[in-house]
Structure formats: C-alpha cells, structure tokens
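Have a look at the structure below before the remarks.
The values are calculated or read from the model by the stated rules, or taken from the named source; none is laboratory data. Owing to the predicted nature of the structure, the values given are computational and were not obtained by experimental measurement. Neighbour counts are summed over all protein chains in view; Cβ atoms, including those assigned to glycine, are modelled from backbone coordinates with ideal geometry.
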Amino acid sequence: MESVLYITSNAIRVYAISIFITSFLGKSRLSPGMNRLIYLLYFLISTVGWLYWKSPTLNLFLNTLPLLGITLQYDSGWSKKIFSVIISCAVGMFVDWIAIAAFGDVQVIKSGFVQCNVILICAVLFRRYYKRKETCLFRSKYVWLLIFTSIGTGAIGVMTVDENSPYDYIIATILLLINLFTFYVYHLEQDRWSVQYRLKLIESSNEAYRNQLQIVNESQKKIRFLKHDLNHHIQKLKLLSEKENMQAIVQYLNEMEDAAVIKQEYVKTGNEDVDSLLNYELSLAAEFGTEVICDVNLPENLNISSFDMTIILGNLMDNAIEALRHSKRKQLKVNIRLHKGIIRIDLENTYDPVYRKKHDGREHGIGLLSVENTLQKYHGKLDSHTEENRYYTTVVFYNSLDE
C-alpha cells in the first residue's frame with residue numbers, strides 16, 4: 001500500500017514540477033510528445049531510486065540532476081534554469097518536512113501524498129500568477145546571489161531538520177518562507193531589469209529617429225537654399241549655353257547636384273523605422289572610416305512592430321559596428337530584402353579575431369540572444385559564422401506577427 005501511495009504521490013509531484021518549470025522557463029523546443037516522454041523518464045528514475053534504495057541523499061540527487069537536464073529543452077539562460085530547479089526542489093523539500101514534523105509518521109504523510117497535492121496546488125496557482133509572454137531576456141547580476149541563498153537554505157534544512165524535534169516544522173516553515181521571498185525578489189529584479197532593457201531600446205530608437213530628423217532637416221534646408229538661388233542658377237546656365245560651353249554646364253550641374261544630395265542618407269526605402277535606424281548606424285560606422293556597401297529593398301509598411309525591428313536590426317548593427325571599431329580593415333555590407341512574405345537580413349563585416357577573443361563577451365551574447373528571442377514571434381531564425389577575418393550574419397523571419 002505504501003509503495004502504491006508513493007508512486008501515485010510521485011506522479012503528482014512530477015506533474016506539479018512540469019507545470020512549475022514550463023510556467024517559469026516558457027515553451028519547450030521539443031514536441032509535446034517528446035516533452036511528456038522526458039518527464040516520464042524523470043518520474044521513473046526518481047520512483048525506482050526511492051523504492052529500491054530509500055536513501056534521502058540519493059533521492060535528492062535523483063530529483064535535482066535529471067531535472068536540470070530537463071531544463072535543456074527550454075530557451076532560457078543557465079542562471080534561470082538553475083534557479084527554477086533549486087526553488088522547485090526546495091519548496092517540495094520544505095513542504096515535506098513541515099508535514100512530517102506536524103503530523104508524524106502517518107502513512108499518507110510518509111508516502112508524500114498530502115505534500116505532493118499541496119505542491120500541485122501551489123504549481124497551479126504559480127502558473128496562474130506568473131505565466132506571461134516575456135519580450136526580453138533576464139540577465140541580472142544578482143541572480144547567482146539568489147541561487148546561493150536558496151542552496152544555503154536547503155543545506156541548513158538538511159543539517160538541522162533531521163532529529164524530528166518539536167521545532168522541526170518551525171525551522172522548515174521559516175526556510176520555506178525564505179525561499180518564497182527569494183523568488184519574490186527574483187521576480188522584482190526581473191521586472192526592474194526588463195524596464196531598464198526597454199528604456200535602453202527606446203533610447204536607441206529615439207536616437208535613430210533624431211538622426212533621421214536631422215537628415216530630413218538638412219535636406220529641406222539645402223532644397224530651400226537651392227530654390228532661393230534657382231533664378232541665379234538659371235541665368236548662369238543660360239549664359240554658359242549662349243557660349244556653348246558644355247563642359248562648364250556639366251560641371252555646374254554637378255555642383256548643383258552635390259548641393260542637393262545628402263551624402264549621409266544611405267537608405268531611403270520610405271520605411272521610417274528601417275531608414276532612421278540604418279542611417280544612424282551606418283553614419284556611425286562611416287565616422288571611423290568604414291567602407292559601407294548597402295542594398296536595402298523594403299516596402300514602406302511592414303507587419304513588424306517598431307520595437308521588435310529595433311531589437312533585431314539594432315542589435316545586429318551594434319555588434320557589427322563594435323567589431324569594425326577594432327578591425328584594421330573596415331568594411332560593412334548590408335543587404336535586406338522582402339521576398340514572398342519573408343524578410344532576409346544579411347550582414348558581412350570585418351573584425352579582429354584577437355580582439356574578439358579577448359573582449360567579445362556578455363553584451364554581444366545578450367544582443368544575439370535578444371534577437372533570437374524576438375525572432376520567435378515571427379517564426380524566424382538567426383545564423384552566423386566566420387571566414388578568415390569576416391563575420392557573416394543571416395536573419396530570416398516572416399513579415400507577420402505570431403499571435
């Protein structure tokens with residue numbers, strides 16, 4: 001009877017953990033069938049380990065290490081995966097200790113049936129409260145502090161809640177509350193980081209629009225000057241034509257063209273988001289002597305939000321320009337096309353392999369992860385590779401939002 005109750009209890013616990021992990025880490029990359037199979041294997045490993053060996057230490061390892069492996073199917077950072085595993089295991093551990101300390105060796109308690117049902121209720125409530133569609137990746141420097149706090153509470157519990165004293169349930173309750181508070185702090189830190197991340201993107205977008213506005217103002221200013229002096233130019237051209245000086249006429253017309261053309265305007269598709277961002281980024285690259293080769297062909301209107309386009313194109317350009325700053329040969333090729341409902345972005349830039357190995361770290365990686373995270377909404381994909389001293393990046397995604 002005890003074994004049957006334990007197997008039933010463990011099935012409930014694994015189901016509760018699957019709810020918790022999925023709510024916390026998001027949708028699995030694997031198919032639903034493969035996802036269920038992985039959790040079934042986790043259930044079998046933990047069940048067989050307890051029924052045959054009944055060792056609390058071994059049971060702890062059989063519940064944490066395979067669970068950490070399960071998190072590999074989710075698109076999240078390692079800190080978030082580790083945090084989710086520790087918190088889920090810690091909550092289960094402390095609920096179990098509280099129940100045993102409060103009610104003793106009752107069979108339904110020893111089998112974990114009551115505790116696992118409590119954990120399932122907590123998981124369902126957690127999913128209802130926490131589950132949301134994230135638009136950015138969480139990379140706070142305080143995550144590891146919260147992780148070690150949770151590990152520390154587990155270690156304290158293992159060392160203290162072992163004598164079945166009257167104070168066991170008090171200690172376990174306090175440790176449980178510490179872990180719940182740790183998760184709450186994590187949640188607040190994630191929201192804070194998310195706000196800062198969005199503000200940074202908005203600031204970058206505003207800077208791009210300011211640059212585009214400056215280009216437009218400069219263009220209008222030159223056109224006004226040209227219109228004001230148009231009568232003088234006409235008289236000059238008439239005079240040259242009367243003298244039949246074709247070489248002078250051509251030279252004069254070239255000077256008029258130079259006065260009207262805005263050399264900094266690399267892109268002019270009519271799409272304000274793309275034009276402003278690319279003109280801003282490419283003007284930055286040109287400032288330190290980059291040879292810019294740009295071919296962009298997009299319609300005025302796209303089914304991509306301005307915010308998402310800033311994330312995708314802005315991060316790709318930022319990474320390319322940062323690499324160009326430290327490259328001896330500076331060349332940047334940008335090719336963007338819309339074909340049969342699919343947007344394709346190809347970037348090719350030179351870079352210094354030695355500098356990249358020493359300095360290419362956290363910001364570069366976060367930028368690309370942020371791009372990949374945004375591309376998921378448009379069923380997109382990012383590929384990159386290097387050849388000699390050149391870095392190639394290709395992004396393809398549908399011109400429609402995945403609702």
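Just to be sure before I move on: is S241 within 27 Å of the chain's Cα centre (by Cα) and on the phi < 0 side of the Ramachandran plot in the structure I sent? Steps first, answer last, please.
Values: within 27 Å of the chain's Cα centre (by Cα): no; on the phi < 0 side of the Ramachandran plot: yes.
It is false that S241 is within 27 Å of the chain's Cα centre (by Cα) and on the phi < 0 side of the Ramachandran plot.
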| query | Considering the stretch 37-86 alone, what residues qualify as being small (G, A, S) and more than 26 Å from E372 (Cβ to Cβ)? | reply | S46, G49, S55
| note | Within the stretch 165-206, of all residues that are among the hydrophobic types (A, V, I, L, M, F, W, C) and buried (at least 16 other Cβ atoms within 10 Å of the Cβ), the one modelled with the highest pLDDT is I178
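Take the stretch 284-294 and flag every residue that is surrounded by 18 or more Cβ atoms within 10 Å (Cβ to Cβ) and under 27 Å from the mean Cα position of the chain (by Cα).
A285, the sole residue that qualifies.
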| field | Residue within the stretch 112-125 that is more than 23 Å from F183 (Cβ to Cβ) and assigned by TED's automatic domain parsing to the domain that holds Y186 present | value | yes
| So Y209, is it at pLDDT 70 or above and either exposed (fewer than 11 other Cβ atoms within 10 Å of the Cβ) or within 36 Å of the chain's Cα centre (by Cα) (or both) | no
| query | Assuming Y42 fulfils every condition listed in (1) free of Cβ contacts under 8 Å to residues at least 60 places away in the same chain; (2) buried (at least 18 other Cβ atoms within 10 Å of the Cβ); (3) closer than 15 Å to R127 by Cβ apart from one, which condition is it? | reply | (3)
| said: Among the residues of the stretch 295-335, what is the count of those that are in a strand (DSSP E or B) and surrounded by fewer than 21 Cβ atoms within 10 Å (Cβ to Cβ)? | reply: 6
| request: Find all pairs meeting these conditions: Cβ atoms under 7 angstrom apart; at least six residues apart or on different chains; first residue within the stretch 283-294 and assigned by TED's automatic domain parsing to the domain that holds N349; second residue assigned to a helix (DSSP H, G or I) and of a type outside the set (G, A, S). | output: S283/N211; L284/I321; A285/I321; A285/L324; F288/R325; T290/L324; V292/L282; C294/L282
